[in-house]
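For reference, the structure discussed in these notes is given below.
The values are calculated or read from the model by the stated rules, or taken from the named source; none is laboratory data. Remember, it's a predicted structure, so these values are computed and weren't measured experimentally. Here the Cβ positions follow ideal geometry from the backbone for every residue, glycine too, while neighbour counts run over all protein chains shown.
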Amino acid sequence: MAFFRLSEWIKGYVEMEVWNDEEKWLLKKMVADKVSLWDIQQNQSSYSLHVLLPDLHLALEVARSMHFKLRFSEKKGLPFWLAHAQKRKVFLLGGVFFVLSLYMLSSFIWHVEISGTNEIEEVENSLKKLNIYPGSLLFRVMEQDDVQLALLEQLPKISWVGVKIQGTSVFVRIIPRIAPAEKKANHPQSIVAAVPGVVATVLANNGKVMVKQGEYVPPGTVLISGALDNGQIVHADGNVEAIVWYRTELHLPLKRVDSQFTGQFVRHDYLVIGNFPILVWGFAHPPYPLSHTTSNDEALRIGPYPLPFTWRVSKVYEVHRITTSLTQQNAMAKGLRFATNEVLRMTPDGSKVIRQNILQHKLERGNLYMTVWSEVLQDIGKPQTLSGVKE
């Protein structure tokens, strides 16, 4: 079966049948006269072929000179299509109007969706300043990254914003900034121990110090009192650092399986119309047992005007699994680092691990089990309202 060729369709061609030419004399003559023909198919008493429209006159002259009977079965290509369209000008104009209308409609923003915040009106006003609102022209909208930066500057109450322009829709995702809780400076309180520990340093900004360096304090011990000796009640404030102990149970596998890219990949190019990708290049199926796929969409434009579709480049990378073995010594060092991170995750900011000991460890079924004892220097104080005192 012949395949479609754009150059032949633009020039136009006809399909003809030749009768009573069992020896193919006409075919041989047209080939000798360099007539452009293809897709020759043999029938019972005839054969068919395609002839390019510019060479049709020469083919007819050859047929007449040799007295062969021809029959035209199909006429295809741009010249015949234009001749046919001239007879239906209203239909042609309607099609052109439809295409232009579709393009014009796809050049506007028709939907703006905002999520993640209750301040919808404030975000909408900021978006309007950036020409993002239903009915706005898409070519007036800045790039997505520029829109995100502009919103972060205009809206101090948000910590992150994501903007995605998809077709004629704009999706805005907001993560609001969490404001720190306001402390009542005049609220009568004391500072007490939140966890047990041995006091290392005491720094009181306000109130009376009740403990001393080297003293062991259980939870709930008053560290800085808001009740002064003269009977005055104040808002105690300060910092009490103490040495606190933590016990961490760990088990670590001595073999680890990681993924690594080999550098080999297969590329696929898509034309994305709406939400439907159409594969236009890269039909090979990646022969990788394990793979990782990345996609990148790029808006297509004619000058400053965006087209109603995008170009997507998808790459399928080959991935290999690599098994890494750890020695017992390396696994124990890794366990100590993990215990440090785990302890600091549970303690206040500014805490420091000053000493670590491995209390016990054992190897069992390819895993290292270990118990780590950590000494941490941290602030153990927490506020406690003075009993019997009203705000």
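Annotations for the structure displayed:
- Contact map, region 123-134: residues that are surrounded by 15 or more Cβ atoms within 10 Å (Cβ to Cβ) paired with residues that are charged (D, E, K, R) and at pLDDT below 85, Cβ distance under 8 Å, separation 6+ or inter-chain. Pairs shown: N131/R140.
- Region 154-236 holds strands (runs of 3 or more DSSP E) entirely within its bounds, and those carrying 3 or more residues that are farther than 24 Å from S351 by Cα map to 158-166, 169-176.
- Answer residue from region 302-354, given it is of a type in the set (A, V, I, L, M) and part of a strand (DSSP E or B) and is surrounded by the most Cβ atoms within 10 Å (Cβ to Cβ) among those: V316
- Filtered by the rule that a residue be in a strand (DSSP E or B) and not aliphatic (A, V, I, L, M), region 287-301 gives S291, H292, T293, T294, S295, N296, D297, E298, R301.
- The lone criterion from (1) aliphatic (A, V, I, L, M); (2) surrounded by fewer than 18 Cβ atoms within 10 Å (Cβ to Cβ); (3) farther than 30 Å from W311 by Cβ left unmet by A236 is number (2).
- Checking each residue of region 257-267 against the condition of being at pLDDT 85 or above and touching a Leu at 6+ places or on another chain (Cβ under 9 Å) gives no match.
- Checked against the criterion of being at pLDDT 85 or above, outside the structural domain of L307 (by TED's automatic domain parsing) and among the hydrophobic types (A, V, I, L, M, F, W, C), the candidates L138, L155, L102, L127 yield just one match: L127.
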